[in-house]
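S.K.: One structure is given below, represented as structure tokens, and several questions about it will come after.
The values are calculated or read from the model by the stated rules, or taken from the named source; none is laboratory data. Please read all numbers here as calculations on a predicted model, not as lab measurements. Methodologically, a virtual Cβ is constructed for each residue, glycine included, from the backbone with ideal geometry; neighbour enumeration extends over all protein chains shown.
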Ligand code: ADE
């Protein structure tokens with residue numbers, strides 16, 4: 001897969017893609033990432049990319065010419081023109097199903113929004129998808145672009161160590177992960193659940209499924225409605241729901257620390 005990123009701050013991308021799993025994907029030839037400086041397509045001697053908003057108001061707006069010219073030049077660098085994705089707080093909120101959809105494309109072009117916004121004609125005539133990474137406003141689309149690259153890259157076959165793991169993530173199916181434990185078996189008096197030490201794989205799988213469902217019911221009930229559950233899992237969920245509701249009712253308001 002080929003990913004092109006169009007940004008006014010290419011230096012921000014120097015670190016994240018040179019480490020760890022993304023680096024491995026690039027080294028294995030599974031992923032190509034190219035970062036382009038929008039300023040290179042800026043207008044005139046000063047390489048201007050923004051201007052005052054028509055109609056007045058504060059802040060600057062990114063002009064359409066540099067964005068169109070840059071994107072068209074980038075599109076010409078490969079056989080397919082690809083999806084053109086604008087990172088903006090006004091976009092559709094990014095989730096695992098969008099990450100999966102993008103991971104099936106042969107290329108995507110990510111455009112990092114900036115300033116007060118981008119000329120509307122870019123949205124109307126160039127962009128294929130508008131993506132937000134959450135309901136908060138960042139200083140620009142660079143961090144969101146990194147989030148999208150990371151979430152998509154780990155879904156490409158061969159990028160993660162074990163190929164099946166990303167596509168079988170519980171989040172992929174709309175559930176949160178079950179709790180994980182490792183050594184030591186007893187830490188500061190806190191024990192690993194007995195079932196995980198039982199060696200009974202069927203029982204462990206059942207416990208993990210229940211934990212996954214319980215966790216999703218209590219923390220993210222909104223995910224359950226969209227979850228891709230088997231009839232057995234739906235039945236399990238119906239059985240666990242009263243238990244989870246009871247726990248939620250009695251839960252103290254959390255302040256982010258373990259209660260002692
Ligand atoms: N640019 C600024 N904030 C953003 C957000 N939450 N998601 C995507 N792009 C952004």
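S.K.: Pull out all pairs, ordered by first then second residue, where Cβ-Cβ is under 6 Å, the residues are six or more apart or on different chains, the first lies in the range 126-142 and is within 13 Å of residue 112 (Cα to Cα) and assigned by TED's automatic domain parsing to the domain that holds residue 74, and the second is more than 6 Å from the ligand (Cβ to nearest atom) and modelled with pLDDT under 95.
M.R.: Close Cβ pairs satisfying both conditions: 140/114.
S.K.: I've got another one for you. Could you list, in sequence order, all residues of the range 104-117 that are under 20 Å from residue 149 (Cβ atoms), within 11 Å of the ligand (Cβ to nearest atom) and outside any loop (DSSP other than H, G, I, E, B)? Write out each step before concluding.
M.R.: Narrowing the range 104-117 to residues under 20 Å from residue 149 (Cβ atoms): 104-114.
Narrowing further to those that are within 11 Å of the ligand (Cβ to nearest atom): 110-114.
Correct list: 110, 111, 112.
S.K.: Which one of these does residue 35 not meet: (1) within 16 Å of the ligand (Cβ to nearest atom); (2) over 30 Å from residue 226 (Cα atoms); (3) in a strand (DSSP E or B)?
M.R.: (1)
S.K.: Filter the range 1-36 for residues that are closer than 14 Å to residue 145 by Cα, touching a strand residue (DSSP E or B) at 6+ places or on another chain (Cβ under 8 Å), surrounded by fewer than 17 Cβ atoms within 10 Å (Cβ to Cβ) and without any contact (Cβ under 8 Å) to a residue 60 or more places away in the chain and give the result.
M.R.: The answer is 34, and nothing else.
S.K.: Same structure, new question: Restricting to the range 120-134, and then to whatever is more than 23 Å from residue 53 (Cβ to Cβ) and more than 7 Å from the ligand (Cβ to nearest atom), can you tell me which residue is nearest to the chain's Cα centre (by Cα)?
M.R.: Per the criteria, the residue is 129.
S.K.: Suppose we filter 144, 193, 221 for residues that are more than 16 Å from the ligand (Cβ to nearest atom) and either modelled with pLDDT of 95 or more or touching a strand residue (DSSP E or B) at 6+ places or on another chain (Cβ under 6 Å) (or both); which single one remains?
M.R.: None of the others qualify; the one that does is 193.
S.K.: How many residues does the range 185-231 hold that are outside any helix (DSSP H, G or I) and either in contact (Cβ under 8 Å) with a residue 60 or more places away in the chain or farther than 22 Å from residue 174 by Cα (or both)?
M.R.: Looking only at that region, the number is 12.
S.K.: Considering the range 70-87 alone, what residues qualify as being modelled with pLDDT under 95 and closer than 17 Å to residue 112 by Cβ?
M.R.: Scanning the range 70-87 gives a single hit, 82.
S.K.: Right, another one. Here are the criteria: (1) surrounded by fewer than 12 Cβ atoms within 10 Å (Cβ to Cβ); (2) more than 12 Å from the ligand (Cβ to nearest atom). Tell me which single one residue 174 does not satisfy.
M.R.: Checking residue 174 against (1) surrounded by fewer than 12 Cβ atoms within 10 Å (Cβ to Cβ); (2) more than 12 Å from the ligand (Cβ to nearest atom), the one that fails is (1).
S.K.: If I ask for residues that are more than 14 Å from the ligand (Cβ to nearest atom) and touching a strand residue (DSSP E or B) at 6+ places or on another chain (Cβ under 8 Å), which ones from the range 82-103 would you list?
M.R.: Scanning the range 82-103 gives 82, 83, 84, 102.
S.K.: Only residues that are buried (at least 17 other Cβ atoms within 10 Å of the Cβ) and out of contact with any helix residue (DSSP H, G or I) (no Cβ under 6 Å at 6 or more places or on another chain): list them for the range 197-209, please. Let's see the steps before the verdict.
M.R.: In the first step, residues of the range 197-209 are kept if they are buried (at least 17 other Cβ atoms within 10 Å of the Cβ); the result is 207-209.
Result: 208, 209.
S.K.: On the basis of being away from the ligand (no atom under 16 Å from the Cβ), under 19 Å from the mean Cα position of the chain (by Cα) and surrounded by fewer than 19 Cβ atoms within 10 Å (Cβ to Cβ), does residue 160 make the cut?
M.R.: yes
S.K.: Going through the range 92-103 one residue at a time, which ones are part of a loop (DSSP other than H, G, I, E, B) and either touching a helix residue (DSSP H, G or I) at 6+ places or on another chain (Cβ under 7 Å) or in contact (Cβ under 8 Å) with a residue 24 or more places away in the chain (or both)?
M.R.: Of everything in the range 92-103, just one residue is part of a loop (DSSP other than H, G, I, E, B) and either touching a helix residue (DSSP H, G or I) at 6+ places or on another chain (Cβ under 7 Å) or in contact (Cβ under 8 Å) with a residue 24 or more places away in the chain (or both), namely 94.
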